[in-house]
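Here is the structure we will look at.
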Amino acid sequence: QVQLVESGGGLVQAGGSLRLHCAASTRTFIAYAMAWFRQAPGKGREFVAAIDWSGANTVWPDSVKGRFTISRDNAKKTVYLQMNSLKPEDTAVYYCAARAGPIDYEDYKYGYWGQGTQVTVSS
């Protein structure tokens, strides 16, 4: 079992930055690939970034490439999402997710989810 708690969301102007945190409560954090997804009002859930257990391998879509960075600290059992050059279209609820397997971008492959944190980017 893994419990995930996100934090760090908020209101920011376009061009600004935010750093999201996701704290995991599990003895075996290194067994999990971690990911961030987001969901804007009226839209489906969108993949944002993922990182493998070691932190050596990451993947993200073109929509955030060069602006967002995912990282993890296994000692602190925490995964981070550094978001720079934010745009109004980045406005969404951001969710942290975990899966006991390899890195992936498909949301249905992740079995554990946090409650989400709101990110709002004003123009």
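Residues Y80, Y108, ordered by accessible area of protein heavy atoms at a 1.4 angstrom probe radius and largest first, appear as Y108, Y80.
Each Lys and Arg Cβ is given +1 and each Asp and Glu Cβ -1; about its Cα centre, the chain then shows a dipole of about 220 debye. Distance between the 7 Å Cα→Cβ label points at Q118 and S63: 2.0 nm. Taking all protein chains together, R19, R67 sort by accessible area into R19, R67, largest first [probe 1.4 Å].
Farthest towards the positive end of the charge dipole of the chain, among the residues A31, A14, S122, is the Cα of A31, using unit charges on the Cβ of Lys, Arg, Asp and Glu. Highest mean packing first, where packing is the average number of other Cβ atoms within 10 Å per residue, the peptides 72-79, 37-44, 58-65 line up as 72-79, 58-65, 37-44.
The values are calculated or read from the model by the stated rules, or taken from the named source; none is laboratory data. If you're wondering where the values come from, they're calculated on a predicted model, not measured in any experiment. Using ideal geometry, Cβ is built from the backbone for each residue, glycine included, and neighbour counts are taken over all protein chains shown. Quick note on the areas: whole protein, heavy atoms, side chains included, nothing else; ligands and nucleic acids left out. Shrake-Rupley method; radii C 1.70, N 1.55, O 1.52, S 1.80 Å.
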